[in-house]
Structures are given as structure tokens and as C-alpha cells.
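This is the structure I want to talk about, given as C-alpha cells.
The values are calculated or read from the model by the stated rules, or taken from the named source; none is laboratory data. In this text, all values refer to a predicted model and were calculated from it rather than measured experimentally. Reconstructed Cβ throughout: ideal geometry from the backbone, glycine too, with neighbour counts over all protein chains shown.
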Amino acid sequence: MQILALDASTEWCSVALGGEGGFDERAQEAGQRHSELILPMVQSLLERAGTSLAQLDGIAFGAGPVADGASASKASIVRLSSTGSPG
């Protein structure tokens, strides 16, 4: 089972990919650059694991305290993985 976890609800942007065997993660202090950083971080983890969004068993993300660009990016990742379409 592989799960992608995303969080951008603080000044840090964090993503993790893994499951029962452990997780690989990326985290970076983002300030106001979450939307700029989160997609390349996800892509890096997927490439390293040799998998794709379509092959994941689940995606977890923190909705955060506010609606912002990072929340929209996380929601788009979830939508894309479930439908194959960004919109």
C-alpha cells in the first residue's frame, strides 16, 4: 500500500510517500512559496519510488486553516489522481 501525504498548513511545505515499509519525505521551509514547491516535491518522490499518482492507494492532505494557493494545489493533486483530469 502506498500513500502520499501532503501538508502546507504552516510555514513548512512537506510531502511524504510510503506505507508499511516506511516513508520517504521532503520538507522545506516555504514561507509563501508552498504552491511553487509542492508539485516538484511530489514529482521527486514519485520518480524516486518509480510510481505515479494513478498507482497510489491513497492521498492524505491537511486542508489547513485558510484557503490559499497551497490548499488549491493539494486539492488539484487529489483531483488529478482520482479522475485523471485537473479540472
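Taking the range 21-51, which residues are among the hydroxyl-bearing types (Ser, Thr, Tyr) and more than 12 Å from the chain's Cα centre (by Cα)?
Step one: filter the range 21-51 for residues among the hydroxyl-bearing types (Ser, Thr, Tyr), giving 35, 44, 51.
Hit for the range 21-51 is THR51, nothing else.
Taking the range 20-38 as the region of interest, how many residues are outside any helix (DSSP H, G or I) and either loosely packed, with under 13 Cβ neighbours inside 10 Å or of a type outside the set (S, T, N, Q) (or both)? First the steps, then the outcome.
Going residue by residue through the range 20-38, those that are outside any helix (DSSP H, G or I) are 20-33.
Those still in the list that are either loosely packed, with under 13 Cβ neighbours inside 10 Å or of a type outside the set (S, T, N, Q) (or both) too: 20-27, 29-33.
Result for the range 20-38: 13.
Among the residues of the range 21-48, write down those that are within 15 Å of ALA60 (Cα to Cα) and acidic (Asp, Glu).
The answer is ASP24, GLU25.
Could I ask something else about it? Among the residues of the range 53-77 satisfying the criterion of being crowded, with 17+ Cβ neighbours inside 10 Å and assigned to a helix (DSSP H, G or I), which is modelled with the highest pLDDT?
ILE77
Can you pull out every residue in the range 1-29 that is without any contact (Cβ under 8 Å) to a residue 40 or more places away in the chain, of a type in the set (A, V, I, L, M) and touching a Leu at 6+ places or on another chain (Cβ under 9 Å)?
VAL15, ALA16, LEU17
Quick check, is GLY50 at pLDDT 90 or above and touching an Asp or Glu at 6+ places or on another chain (Cβ under 8 Å)? Show your work before the answer.
Values: at pLDDT 90 or above: yes; touching an Asp or Glu at 6+ places or on another chain (Cβ under 8 Å): no.
It is false that GLY50 is at pLDDT 90 or above and touching an Asp or Glu at 6+ places or on another chain (Cβ under 8 Å).
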